[in-house]
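Peer 1: Here it is, the structure in full.
None of the figures in this text is laboratory data; all of them are computed from the coordinates on show. Every value quoted in this text rests on a predicted model; they were computed, and no experiment measured them. Methodologically, a virtual Cβ is constructed for each residue, glycine included, from the backbone with ideal geometry; neighbour enumeration extends over all protein chains shown.
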Amino acid sequence: MANRAYLRVWTRDFSEATLIAQFARFLTTAPLSASEKAFKELVVQPVDATEIPLAEWDLKDLGYGAAEVAALAAQHIHLDSAYIATAKWDLWTFDIENLKWLHKPEPLVLTCHGPEYDSGLAASEGHFTSDLGFEHFFTGHGGLLAPGAASNPFDSSDHPMEKTFRQWMATPANLKEYHAKTRANIQQLFNWMDAIHQALPVDRSQLWSEGEENFEARLDAILGR
């Protein structure tokens, strides 16, 4: 199972009175796909993830932006609820089977945690979170890129696909392109974080992944900053 990456954001003055307005501003910053410039779904989840959703909207083909999604969420303002919006954003991904690059829409999940949702989950997980997708969109596979900062060394298994991938990346031009495309994904993520800091009264933010001890430091190393 591939590791996933996340963004967590905590804001100042987060309360029942500001929750929807801040959620709308958070959604506004999302770098939606050029081909799918609208949100796909909104779910209002009460109490915790084990409960049946309080409300669900299928937004496909409706062209709903941040304002419309926030207006739906405003129908159910509860401190113990989470508001989960799904969309897509464009990322570079390497197709190992065909050894080629694709720039295509990938799922993006944006969540607003009410301060009392799931026993105060927001305190540790953020008032706002985003499931960014697979970790390797931003780190590459294993420790191939910036290996000195990687928590997980490059997989040297004898699986045929892994061997083909290593052989492909042994060519300097291919490795250079792999680095460039991965850096483009990282830069888009960092640009989004800058937009969030401009749009919201951010107290702090954190990048986290399932496979890296310090995900943000790894991205900094790959980006070369």
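Peer 1: Amide H of Glu210 versus every other amide H placed in the peptide plane: which residues, excluding those fewer than 5 positions away on the same chain, fall under 5 Å?
Peer 2: Arg4
Peer 1: Hey, another quick one. Would you mind computing, in nm to one decimal, how far apart the modelled labels at Ala184 and Glu210 are, each placed 7 Å from Cα along Cα→Cβ?
Peer 2: For Ala184 paired with Glu210, the spin-label model returns 2.7 nm.
Peer 1: For segment 5-162, what is the per residue volume of the convex hull drawn over the alpha-carbon atoms, in cubic angstrom?
Peer 2: Residue-normalised Cα hull volume stands at 151 Å³.
Peer 1: If I model a spin label as a point 7 Å beyond the Cα along the Cα-Cβ vector, how far apart are those points for Glu97 and Trp168 in nm?
Peer 2: Rounded to a tenth, the inter-label distance reads 1.2 nm.
Peer 1: Quickly work out the Lys176-to-Leu62 label distance, labels modelled 7 Å from Cα along the C-beta direction, and quote it in nm with one decimal.
Peer 2: In this crude label model, Leu62 to Lys176 measures out at 4.9 nm.
Peer 1: Over segment 16-109, consider all pairs of different Cα atoms and compute the Kirkwood hydrodynamic radius from their mean reciprocal separation; express it in Å, one decimal.
Peer 2: Result for segment 16-109, one decimal place: 14.5 Å.
Peer 1: Hey, which lysines would be in cross-link range of Lys40, C-alpha to C-alpha under 27 Å, not counting anything within fewer than 8 residues on its own chain?
Peer 2: Leaving aside lysines fewer than 8 places away in the same chain, those within reach of Lys40 are Lys60, Lys88, Lys104, Lys181.
Peer 1: Once the Cβ-Cβ distance between Ser119 and Ala195 is put in as r, and R0 is 30 Å, what FRET efficiency do you end up with, to the nearest 0.05?
Peer 2: Between Ser119 and Ala195 the formula returns 0.45.
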